[in-house]
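Worksheet for the structure shown next.
The values are calculated or read from the model by the stated rules, or taken from the named source; none is laboratory data. Everything numeric here is computed off the predicted structure, so don't read it as measured data. Heads up, the Cβs are rebuilt from the backbone with ideal geometry, glycines too, and the neighbour counts pull from every protein chain shown. Remember, those area values only see protein heavy atoms, side chains included, never the ligands or the DNA or RNA. Shrake-Rupley method; radii C 1.70, N 1.55, O 1.52, S 1.80 Å.
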There are 2 protein chains.
Amino acid sequence: MTLKAMKGIQNCEHVYYESYTSPVLGHDVLEELSGAFGSSRVEKVKREFVEDGSKILEVAKNSSAALVCSGDPMVATTHQELRTRALRQGIQTRILHGSSVLCAVGGELGLHSYNFGRVVTMTREPMQYTAYETVFRNLLNGLHSTILLEWDESSNFFLEPKSAAKALAEAEKDLKQEIFNSETLLLVVSRLGSENQSISASRSLEELQRLELGAPPHVIVVPGKLHFTEREALGALLDREPSTFPDNSAKASRLSSRMVGKYSIKTMAALANARKAAANSDLRINFNDIFENVECYTQDAQRFLNEGKEELAVLSIGYAEGLLDSLRFGDQLEFEW
Amino acid sequence: MTLKAMKGIQNCEHVYYESYTSPVLGHDVLEELSGAFGSSRVEKVKREFVEDGSKILEVAKNSSAALVCSGDPMVATTHQELRTRALRQGIQTRILHGSSVLCAVGGELGLHSYNFGRVVTMTREPMQYTAYETVFRNLLNGLHSTILLEWDESSNFFLEPKSAAKALAEAEKDLKQEIFNSETLLLVVSRLGSENQSISASRSLEELQRLELGAPPHVIVVPGKLHFTEREALGALLDREPSTFPDNSAKASRLSSRMVGKYSIKTMAALANARKAAANSDLRINFNDIFENVECYTQDAQRFLNEGKEELAVLSIGYAEGLLDSLRFGDQLEFEW
């Protein structure tokens, strides 16, 4: 807790502490709060108290109340909703920010905060497609992904990294973007911020399923493209040669580039067949102009792809195919694709 | 500063404080640190001290040293690099996390942290294309963008939101993705975390350039798709009807969908002309099969687009165009596109 938060809470008549949105490790917050503010003012509350919210709003209307949690308070949507209700009821609110795993995890791993994409949470529910798609989209943009793992205080349930890894492996089997294979760098920060924090790396989802990571909580990070300073930091943290970390984002290729690669080969092969067939044709057709254009547009497709103009690349290869196929649809030439 | 950080620093023989990576508002940190740890232990250091780093590493090797800054310490890459060097030299390090604007800004605006995309910093240097492209990519995925603004302690320079807005308007003129127009929601959090923090909204980059926002620092947020609870929070914060906030991400359309829209119309018009021309042709060509395929593939393109299969949509419309254009290249038909 920040000094500013301590000072802010000092003036509150009622201090509520909830620990269900974010776990606290290694110390008894309730005891600390009671010690600092007096046990008569401090009360530990459950999920229902925060979600229902009517009690704290009622108290805040007539006096002053603090809701204390771990992490940055507004990362949990429940707290945001409670604040919206307070604002609507004309209750003055103030957020006293704390440090959040969302920022801390990058720092602990030596990864730059501006290289992170969207964060995602994995749960017991089969939501792995969402996580997989989020990681895929981030990788396409070269970005790192933070995967938070479900925690349920009431049943003391933490989603284990091995369960998350298994679910992601299943998603890979189903969605087939080929982002996870036997050379994928996966990082786990365990017990972040505590005395026995640790950092682990594995090279595949299968290896991650076998890792013994100790007590929760854990956060998984799937790095994207690594800046050389990020490689050096990881190398120093994991005692490994910086150049040995794979670039996960290099594996993530857009459908467009796979399309252009595949169809370029097919089109050029079909073009060779069409040229042979045209040599024996007596139709009054300017085959040559058509064939030259097929060739040009196939080359253009590759060029556009290299320039990062993916839509134009796909348009060009489609166009080249169409030019050639028109000759078959119109019964003008017979040749194989 | 957190209680944990205070405790951690307590054991350090040397406490260095730097304020160039992140500004501090409203209180004199040096004075506070000196008060807490004794002025003989505390020293304010400049940029060069941190970037060079040799002094603090030397001290840490033989005794213990703390480097204090505002925000989350590892958000600045300079700190990450210093830590990597320490690790390599066998110096034990520990990060005592703080709250960061990167997490706090979402909370202050009632926007969910998992709806944020990549963060970007704008500087005096003409880097607006990077910022524009980052916002564009985030909007395509429906995500919010945080735009941090350059701060240079040595010249006490803060990039003003109006300068950033002007630069983004120029980028819009050049890059033409049409993401900023007269109905774009732009949010600014000014002096975040201080007593006189304020939140402002404007509906265009032009309006933002005219806004008087007071003293720095400021952070700009370009929201993407708004969840209804985010709308409600913004409505309560800005005293505005939640439904009146525009969805900025609806404006961001992929090049592929613009291509398919435009080329579908052109292809269907050309097809009508080709049909007329074919009626007068005496060539032994099965025009009908070609025309039917042009029509089918144009319809397919629209269908693929609606299904979110953008690459297939572009491939289809390119193919349809090629089928038809082949008749012109081969001198089989003359018709207008």
Practice task
Count the lysine pairs in the stretch B:136-263 whose Cα atoms sit under 23 Å apart, keeping only pairs 8 or more residues apart in sequence or on different chains.
Solution key: 12
Practice task
For the B and A pair, go ahead and give the buried accessible area with a 1.4 Å probe, both sides summed, in Å² to 100.
Solution key: 6500 Å²
Exercise for the section: Whenever you get a sec, compute what percent of the accessible area on chain B sits on carbon and sulfur atoms (1.4 Å probe). Expected result: 48 percent
Exercise for the section: Let me know the mean shielding of A:221-233 by other chains, meaning the per-residue number of their Cβ atoms within 10 Å of its Cβ. Expected result: 2
Exercise for the section: Have a look at the stretch A:284-299 and report residues whose accessible surface goes down by 40 Å² or more when the remaining protein chains are included, against the chain on its own, probe 1.4 Å, ligands and DNA/RNA excluded. Expected result: A:Arg284, A:Asn286, A:Ile290
Practice task
Please give the solvent-accessible surface of B:Lys266 in Å², to the nearest 10, using a probe radius of 1.4 Å with every protein chain present.
Solution key: 100 Å²
Exercise for the section: Output the antiparallel fraction of DSSP beta bridges having both residues in the protein assembly as shown, as a percent to the nearest 5. Expected result: 55 percent
Fill in the blank from the handout: Here the Kirkwood hydrodynamic radius of chain A, Cα-based and in Å, equals 24.2 Å
Completion exercise
Sorting from shortest, the nanometre distances separating the label point of B:Glu307 (7 Å past Cα along the line to Cβ) from those of the same residue in the other copies are 3.1
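Which whole number of Å³ per residue matches the convex hull of the alpha-carbon atoms in the protein assembly as shown?
174 Å³
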Exercise for the section: May I have the pair-distance distribution P(r) for the stretch B:42-173, computed from all Cα-Cα distances with 10 Å bins from 0 and rounded to whole percent? Expected result: 10, 32, 30, 21, 7, 0
Exercise for the section: Could you pull the copy-to-copy label distances for A:Thr130, with points set 7 Å along Cα to Cβ, in nm to one decimal and sorted shortest first? Expected result: 3.2
Practice task
Set the Förster radius R0 to 25 Å, insert the Cβ-Cβ distance between A:Glu295 and B:Lys262 as r into 1/(1 + (r/R0)^6), and round the FRET efficiency to 0.05.
Solution key: 0.45
Handout entry: Peptide A:56-65, shielding by other chains (average Cβ, 10 Å cutoff)
Key = 0
Practice task
Enumerate the helices in chain A for which the Kyte-Doolittle hydropathy averages -1.0 or more and the C-alpha atoms extend at least 24 Å along the helix's axis, using complete DSSP H runs.
Solution key: A:255-279, A:287-306, A:310-329
Handout entry: Calculated FRET value between B:Ser182 and B:Arg47, using beta carbons and R₀ = 45 Å, to 0.05
Key = 0.65
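Beta carbons within 10 angstrom, averaged per residue: use that to sort the peptides B:309-316, B:226-233, B:57-64, highest first. Before the final figure, lay out the partial values.
Working: B:309-316: 24.2, B:226-233: 19.6, B:57-64: 14.2.
Sorting B:309-316, B:226-233, B:57-64 by mean packing, highest first, produces B:309-316, B:226-233, B:57-64.
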Fill in the blank from the handout: For A:Ser182 the rounded accessible area (nearest 10 Å², probe 1.4 Å, non-protein molecules ignored) is 80 Å²
Problem - Averaged over B:106-119, number of beta-carbon atoms from partner chains that fall within 10 Å - result: 6
Exercise for the section: For A:Thr244, B:Thr93, give the ranking by accessible area with the largest first, probe 1.4 Å. Expected result: A:Thr244, B:Thr93
Practice task
Would you kindly work out, in nm and rounded to one decimal, the distances from the label point of A:Glu183 to those of the same position in each other copy, ordered shortest first, with label points 7 Å along Cα-to-Cβ?
Solution key: 4.9
Exercise for the section: With r as the distance between the Cβ atoms of B:Glu307 and A:Arg303 and R0 = 35 Å, compute the FRET efficiency 1/(1 + (r/R0)^6) and round to 0.05. Expected result: 0.75
Handout entry: Beta bridge orientation in chain A: antiparallel %, DSSP, nearest 5
Key = 55 percent
Fill in the blank from the handout: Expected field for A:Asp239, accessible surface area in Å² at 1.4 Å probe radius, rounded to 10, holds 140 Å²
Practice task
Amide H neighbours of B:Phe157 under 5 Å, at least 5 residues apart or on other chains, H built in the peptide plane: list them.
Solution key: B:Asp152
Practice task
Please calculate how many Å² of accessible area the protein assembly as shown carries per residue, with a 1.4 Å probe and no DNA, RNA or ligand atoms counted.
Solution key: 46 Å²
